[in-house]
Amino acid sequence: MTLGRGAASSRISVEPICLAVSLAEFRKWLRAARPGAEFTYAVGRSLDRQHKVVQFVRESADQGDVHLLQRRRSDGKTDYFARRVASAKPSPAPSKQTQALDPESEAGRVLGMLRRHANFERPCPTNAEIAKALGLGEPARARYLIGQLTSAGHIKVDNRGARITRVVTIVENGKRTSDARLAVGKGFTSEGQQ
């Protein structure tokens, strides 16, 4: 859209911040895409995080279905695209002991953070990092919630000893956080931060 008065006036060009595909179009691609396939779901100078398809794509990434990537174009805009990843092991049948978890509860938020680290093969965050990121107060609260998740059968924890990052396995999909010692050299320090 161009605004202005007469031939001598200045022109202002207004364009959308972000253009995105429909949610139905992305879902159709996601169902049919093979691992490694890429799909541009939005283009713009910045990503509209309130757009339904952008929120759905983020949820798909959190679940480990896609990796999110972006590519800067010469015109200053950015292509936001998803790359389909191979499915993890088939989800085991839920055990009778595992109960549904409210994703907005403290334990649900901790599980979500652990899932993201496992999906991206990052080292498990420390109790202090979890407490700070989720506003839990003290690291002891994060330790307690991890114990609750373990007892409820949502995660398995492999404590490697003092000064070595634990490895957490998400029971529902078998994905694991990486061993911090292996992550060094992949852009991570031994503490698991980039």
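Brief remarks on what is shown
- The residue among H154, L134, I164 whose Cα reaches farthest toward the positive pole of the charge dipole of segment 131-173, with charges on the beta-carbon of Lys, Arg, Asp and Glu, is I164.
- Förster-model FRET efficiency, 45 Å R0, D102 and K77, C-beta, rounded to 0.05: 0.70
- Cα radius of gyration and Dmax for segment 12-84 (Å): 12.4, 43
- Rounded to the nearest 20 debye, dipole of segment 106-183 from Cβ charges on Lys, Arg, Asp, Glu: 140 debye
- Segment 97-152 shape via C-alpha gyration tensor axes, a/c threshold 1.5: oblate
- Among the listed pairs K77/K175; K132/K175; K52/K77; K28/K77; K77/K156, a Cα-Cα separation exceeding 31 Å is found for K77/K175; K77/K156.
Since every read-out is calculated from the coordinates, none of them should be taken as a lab result. Just so we're clear, the structure is a prediction, and the values are computed from it rather than from any experiment. We place every Cβ from the backbone using ideal geometry, glycine too, and count neighbours over all the protein chains shown.
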